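Asker: Once you've had a glance at the structure underneath, I'll fire off some questions.
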């Protein structure tokens, strides 16, 4: 492939959520800080939403990696550019984490998955009553060890309403000081619509922290590309020229997954031509070969034409007055 040609150790634009490639631009760092502050404050429910491909799963894994690291000294967390210093108790706080990537499960199966993540030993064919009893005992045991349990549910927009309600009921468990279980919901914007349903209004009211993850900004695109290339071992100059970067943003709309797909194909095309730099025509060709990128470009052209037609109509109306 093109790795040796460009002096890379590994592919820089994979679509798997590798935390070593996490790009801490302002918006993504703010989302991560929101999560860290929320769990350290003991909040029951936290919600992160974002469109397909905006990096929710990568953010989730970065978050889990961050809270699982031992912190021996106090550190500052920046939220909205304002330093927030953690207390000494937060620095010694220990977390037990559970991650369920596909929560499209019945309530019973979802609780079984949680028990499995927490290492709870269950009898074969355990019924709902004994399952809840075992989970409660495990959560209380973690609390006695001064450990906080955090459950991350990815693709939460796919959860059945009954399963969401079962999870909510589980968060009713608490000591005099704190919740025994904290839950972070990661989902597409459809999750917001689901939470508006009357049958789970109690869950919606318990969401105290939330963040919407948007696409990369235009100003972040150069830094995003450079970051991933540097992590992958690139040590040269500008690999994507300025016109290529501009074209890449237009084709992807700043959606990180689309950026990665198109950038990877553009690198292959540049390598195929024996060039040491990616140019705009490489990106255009890569975008034409990517359905989602073509749709993004088409939508932008339609919007631009519509704006021009509106502007022309307004100018024409003013001239006729």
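Asker: Which members of region 204-221 meet the condition of being in contact with a helix residue (DSSP H, G or I) (Cβ under 6 Å, 6 or more places away or on another chain) and free of Cβ contacts under 8 Å to residues at least 24 places away in the same chain?
Answerer: Across region 204-221, the qualifying residue is only 204.
Asker: Okay, moving on. Are any residues in region 237-249 part of a loop (DSSP other than H, G, I, E, B) and either within 14 Å of residue 260 (Cβ to Cβ) or in contact with a helix residue (DSSP H, G or I) (Cβ under 7 Å, 6 or more places away or on another chain) (or both), and if so, which ones?
Answerer: The one that is part of a loop (DSSP other than H, G, I, E, B) and either within 14 Å of residue 260 (Cβ to Cβ) or in contact with a helix residue (DSSP H, G or I) (Cβ under 7 Å, 6 or more places away or on another chain) (or both): 239.
Asker: For region 50-162, please list each of the strands (runs of 3 or more DSSP E) lying entirely inside it that holds at least 2 residues being modelled with pLDDT of 95 or more, assigned by TED's automatic domain parsing to the domain that holds residue 198 and surrounded by 18 or more Cβ atoms within 10 Å (Cβ to Cβ).
Answerer: Passing ranges, in order: 94-100, 147-153.
Asker: Can I ask one more? Just give me the residues in region 210-236 being farther than 15 Å from residue 50 by Cβ and outside any helix (DSSP H, G or I), in sequence order.
Answerer: 232, 233, 234, 235, 236
Asker: Okay, next question. Just the residues that are assigned to a strand (DSSP E or B) and either within 12 Å of residue 215 (Cα to Cα) or more than 8 Å from the chain's Cα centre (by Cα) (or both), please, taken from region 23-48.
Answerer: 45, 46, 47
Asker: Turning to a different aspect of this structure: Please go through region 170-187 and pick out each residue that is under 15 Å from residue 202 (Cβ atoms) and loosely packed, with under 14 Cβ neighbours inside 10 Å.
Answerer: 172
Asker: Please verify whether residue 191 is outside any helix (DSSP H, G or I) and crowded, with 18+ Cβ neighbours inside 10 Å, treating the condition exactly as stated.
Answerer: No: the conditions fail for residue 191.
Asker: For residues that are outside any loop (DSSP other than H, G, I, E, B) and out of contact with any helix residue (DSSP H, G or I) (no Cβ under 6 Å at 6 or more places or on another chain), tally how many sit in region 166-180.
Answerer: Residues meeting the conditions: 5.
Asker: Further question: For region 212-234, indicate whether the set of residues that are farther than 25 Å from residue 20 by Cα, modelled with pLDDT of 95 or more and more than 20 Å from the chain's Cα centre (by Cα) is non-empty.
Answerer: no
The values are calculated or read from the model by the stated rules, or taken from the named source; none is laboratory data. This structure is a prediction, so every number in the text was calculated from the model and none was measured. Note that we place each Cβ from the backbone using ideal geometry, even for glycine, and neighbour counts take in every protein chain shown.
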